[in-house]
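In what follows, a single structure is set out as structure tokens and then discussed.
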Amino acid sequence: MATVTLATEIQPSSPQGEFRNEPFTDFKNPENARKMKAALDLVAGELGREYDLIIGGHRLKTEGKIKSFNPARPAQVVGVHQKAGAEHAEKAMSAALDAFETWSRTSVEQRVSLLLNAARIIRERHFEFCAWLTYEVGKNWAEADADVGETIDFLEFYAREALRLAKAETPIQYPGEFNQLLYIPLGVGAVIPPWNFPFAIMAGMTVASVVTGNTVILKPSSDSPTIAAKFVEVLEEAGMPGGVVNFCPGSGATFGNAIVEHPKTRYIAFTGSRDVGLEIHERAAKNQKGQIWIKRTVLEMGGKDSILVCADADLDAAVDGTVAAAFGFSGQKCSACSRAIVEAPVYDVFVERVREKVAKLTVGDPATNPNMGPVVNKAAMDSILGYIETGKKEGRLVAGGKALENADGGFFIEPTVIADIAPDAVISQEEIFGPVLAVIKVKDFDEGLKVANNTEYGLTGAIYSGSREALETARREYHVGNLYLNRKCTGAMVGAHPFGGFNMSGTDSKAGGPDYLLLFTQAKSVAEKL
């Protein structure tokens, strides 16, 4: 059992200089490749280990278990976890409420120190965490590296933002008074992260809660609980007191609903599907007996993201950006390019160049670092293949179109491109969350922009054009939370691209931006007569 350090014993650590994004690792460097292979070997020796629930700093076992598997080798167990049920919700809430009494009164400097200590630990073990991501969710080396880097970025960025927020001032000082504006914590939050960025998003929502003085009940995805367990171990090593983050893998239908509905839950931070996000929002909106506040929901729910390619675009850049955004991590990103909307004069050339580029993509066990690994599980594979069959009826199959057989039973799907898709087709409207790109022909920019805005989502989008007028029109009228001009629609960087979307993509939370910590606080105005 890890030693739980009292908050007062956290060693002080302050941000050094301005925030800088963690650099990407160059795996073409033989030394970095060697370190990654060594980390994969190291983590392979830890696969299958059992992890406990952690409630109030105490380890608990349950009769029911959750197992996470390597999607490239489904027979390989990555971690065995206890399964929290509805009966554990009250224990977790009680522990979080007890911890809130002291943690909420801990100085912001001490809370910041916890984040910076955790960032240092992760940075020192960077390749090891990459390896866990490769085994548990099938990320190749570059995708895993970006996930780990973003985790460090969130820790470093939110630490600095917490210090900035603590120095907030009222716009004026009213004559004869001393005026203050304080951002105080909300209480106990339920943090429900996704499996596709199981380190960065999980850690980001958790530490945004913690650094602002809240305590957390963390329910990780059942597809990726091990990386969350590893992160909680890091927080304990960094000095986190018991009860500040309570680690509770469990079923959404039982434990998840219980904590969402609990009258003492103050807010729910969720990233995942549209349907689950809407259900959480509905459950949270119902006032429970004994509840004295309106629960806050911070929701990021996915997208149906487009890249608009104009006739005057740099076509090579547009093809490269589209393929990277569509097939990075097998299209399992809420920001992934699911639709290429292409002006007629360059449509045929674009489709052919995409076909040629996709034909060069490699698919295989992510431990060997191909371009694409598996999708996360069999249910995801079956769903994606169903959409591909629908797409074949709605358009023209250009590349891919089927699962890849392999000796280990991994969930591999060919990168698939389907052209001549209508703007209102099923695969043009519904989120597929897999390596499937629909290509839509439009006559001009105006029609293309209308198609880009024709879904119920509004998360990310991109446009490739050489026209300043088109770019400025898109800046105003392309209705997404994250818009990219002449670059791909994935790869949001903490600090530079605050992330969150419109409409059914969620509450536009803007993670990694200057507004994000406000979502985990409430403002208190204090006026003292002099």
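For region 328-346, a residue qualifies if it is of a type outside the set (Val, Ile, Thr) and over 17 Å from the mean Cα position of the chain (by Cα), and the qualifying residues are Ser338, Arg339, Ala340, Glu343, Ala344, Pro345. Any idea which of Leu47, Leu53, Leu42 is in contact (Cβ under 8 Å) with a residue 40 or more places away in the chain and under 14 Å from Ile227 (Cβ atoms)? Every option except Leu47 fails the conditions. Tell me the residue from Ile292, Ile201 that is surrounded by fewer than 24 Cβ atoms within 10 Å (Cβ to Cβ), out of contact with any helix residue (DSSP H, G or I) (no Cβ under 6 Å at 6 or more places or on another chain) and of a type in the set (Val, Ile, Thr), please. Exactly one residue qualifies, and that residue is Ile292. Of all the residues in region 318-369, those that are surrounded by fewer than 24 Cβ atoms within 10 Å (Cβ to Cβ) and basic (Lys, Arg) number 4.
For region 401-425, the set of residues classified as closer than 25 Å to Arg274 by Cβ and part of a loop (DSSP other than H, G, I, E, B) consists of Phe411, Pro415, Ile421, Ala422, Pro423, Asp424, Ala425, listed by residue number. Gly302 falls short on exactly one of the conditions (1) within 22 Å of the chain's Cα centre (by Cα); (2) modelled with pLDDT of 95 or more, and that condition is (2).
For Val245, the test of being modelled with pLDDT of 95 or more and in contact with a Ser or Thr (Cβ under 7 Å, 6 or more places away or on another chain) is passed. Region 426-509 holds helices (runs of 4 or more DSSP H) entirely within its bounds, and those carrying 2 or more residues that are touching a Cys at 6+ places or on another chain (Cβ under 8 Å) and surrounded by 16 or more Cβ atoms within 10 Å (Cβ to Cβ) map to 445-452. Here the helices (runs of 4 or more DSSP H) wholly within region 47-156 that include at least 2 residues being modelled with pLDDT of 95 or more and within 25 Å of Val375 (Cβ to Cβ) are 126-137. Look through region 60-76, keep the residues that are surrounded by fewer than 17 Cβ atoms within 10 Å (Cβ to Cβ) and touching a strand residue (DSSP E or B) at 6+ places or on another chain (Cβ under 7 Å), and return whichever of them is nearest to Trp195 (Cα to Cα). Filtering first and then ranking leaves Lys67. Within region 212-220, the presence of a residue that is under 21 Å from the mean Cα position of the chain (by Cα), in a helix (DSSP H, G or I) and of a type in the set (Lys, Arg) is excluded. Just one of the listed residues (Gly256, Gly243) is assigned to a loop (DSSP other than H, G, I, E, B) and surrounded by 24 or more Cβ atoms within 10 Å (Cβ to Cβ), namely Gly243. Out of curiosity, is Gln173 surrounded by fewer than 18 Cβ atoms within 10 Å (Cβ to Cβ) and without any contact (Cβ under 8 Å) to a residue 12 or more places away in the chain? Here the answer is yes, as Gln173 does meet what is asked.
For region 482-517, what are the residues that are in contact with a strand residue (DSSP E or B) (Cβ under 8 Å, 6 or more places away or on another chain) and within 12 Å of Val298 (Cα to Cα)? Correct list: Gly500, Gly501, Ser505, Gly506, Thr507, Ser509, Lys510, Ala511, Leu517. Taking (1) in contact (Cβ under 8 Å) with a residue 24 or more places away in the chain; (2) of a type in the set (D, E, K, R); (3) surrounded by fewer than 24 Cβ atoms within 10 Å (Cβ to Cβ) in turn, Glu136 satisfies each apart from (3). Out of curiosity, is Val210 surrounded by 24 or more Cβ atoms within 10 Å (Cβ to Cβ), within 14 Å of Leu519 (Cβ to Cβ) and not aromatic (Phe, Trp, Tyr)? Yes: the conditions hold for Val210.
Annotation for region 180-192: no member residue is part of a helix (DSSP H, G or I) and crowded, with 18+ Cβ neighbours inside 10 Å. Is it true that Ser222 is in the same structural domain as Gln76 (by TED's automatic domain parsing), of a type in the set (Ser, Thr, Tyr), surrounded by fewer than 24 Cβ atoms within 10 Å (Cβ to Cβ) and in contact with a Pro (Cβ under 7 Å, 6 or more places away or on another chain)? Yes. Against the conditions (1) free of Cβ contacts under 8 Å to residues at least 40 places away in the same chain; (2) in the same structural domain as Ile427 (by TED's automatic domain parsing), Pro263 satisfies every one except (2).
Looking across region 320-340, the residues that are out of contact with any strand residue (DSSP E or B) (no Cβ under 7 Å at 6 or more places or on another chain) and either closer than 18 Å to Thr362 by Cβ or assigned by TED's automatic domain parsing to the domain that holds Val137 (or both) come down to Asp320, Val323, Ala324, Gly328, Phe329, Gln332.
The values are calculated or read from the model by the stated rules, or taken from the named source; none is laboratory data. In this text the structure is predicted, and so the values were computed from the model without any measurement. Cβ: placed from backbone, ideal geometry, glycine included. Neighbour counts: every protein chain shown.
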